[in-house]
Structures are given as C-alpha cells and as structure tokens.
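Quick note: the coordinates plus some simple rules give every number you see, no bench work behind them. From a predicted model like this one, the values you see are computed outputs, not experimental measurements. Glycine also receives a Cβ, built like all others from the backbone with ideal geometry; neighbour counts cover every protein chain displayed.
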Amino acid sequence: MNKKVLILISIFLISIIGGCSSGEKAQGEEKKVTPDPSKDEVKTPTKTNEGEVKKTNTKVITMIAEKFKFTPSTITVKKGDEVEIIIKSIDVKHSLSIPAFGVNIDAVPDKKNSAKFVASKAGTFDMVCEVFCGSGHDDMKATLIVEE
C-alpha cells in the first residue's frame, strides 16, 4: 500500500514539475506587458470587440514630489495618448491632482502610486498638490501639455 501511494505521489509531482517548466503558453493566452517606468512609451496589448489584439501606446511618466515642487515640472503628451503617471514622494505626503482629467494620486514617502488616463483634449493643464505640505504648498504646481 505505501509503495502505491509513493508511486502516485511521484507521478503527480512529475506531472506538476513537467507542466510548470514547459515554458509554453496555452493557445489563446494573452501576453501581459508590465510597464517599465524607465521607458517613455510601452506597447500594451488590448482586445478589440472582434477579439483581435491591437497595440496602444501608453506614455509612462515617473514623477517625484518634494517640498515644494514636482520633477519633472512639465509633461508633454499627444491628444489620445493613454498616460500613466507614477509618483513618489521623497519627503512628506503629497498628491498629484489633474482636475481637467479627474486624476488624483496620493504621493506617500517610500511608496510608488500611479494612475492612468487618456489625454482626450488638447491644451495646457495645471497639475497641483492637494495635500497641505507646508508654507510653500501653494507653489507646488506642474504643467501638463496635451498637443494635437
């Protein structure tokens, strides 16, 4: 009896290890892309209604919040771009708010937070800190430029 149990366990483990190490993806499985914050644009697969996969551009911007500024202070994208902003505070709690696009991201020290939105309208838009962070809080602004 013990020998049969050991054989069954061995077969089970071999099938699991073999299945995990094959490295092949199942038919129809979609490849996922994780944005690299060090790159400006990332191709992200999206499905259309017909089931075909089309590539969209995601403009990934990494920002630093600190008393009393954002770095970079100006971001330029194209109308229609999907934009992902990753923000990190290096001192106290801040936020990054872009009222024109309904974006509000907390910026907590030692933590990266992000938000995605589509730059659906052209123009120049304010980005501000909504969390009071000290005497220079009112000067903590940046600019988003969306070009046609």
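Annotations
- Summarising the strand pairing of segment 57-148, around 60 percent of its internal DSSP beta bridges are antiparallel.
- The charge dipole of segment 57-148, taken about the Cα centre with unit charges on the Cβ atoms of Lys, Arg (+1) and Asp, Glu (-1), comes to about 160 debye, rounded to the nearest 20.
- Here the label points at residue 78 and residue 111, each 7 Å from Cα along the C-beta direction, are separated by 3.6 nm in the simple model.
- Dimensionless Rg over Rh [segment 89-141; C-alpha; Kirkwood]: 0.99
- Fraction of alpha-carbon pairs over 22 Å apart in segment 57-148 - percent: 20
- Across 88/141; 78/111; 59/88; 69/116, pairs whose alpha-carbon gap is larger than 19 Å: 78/111; 69/116
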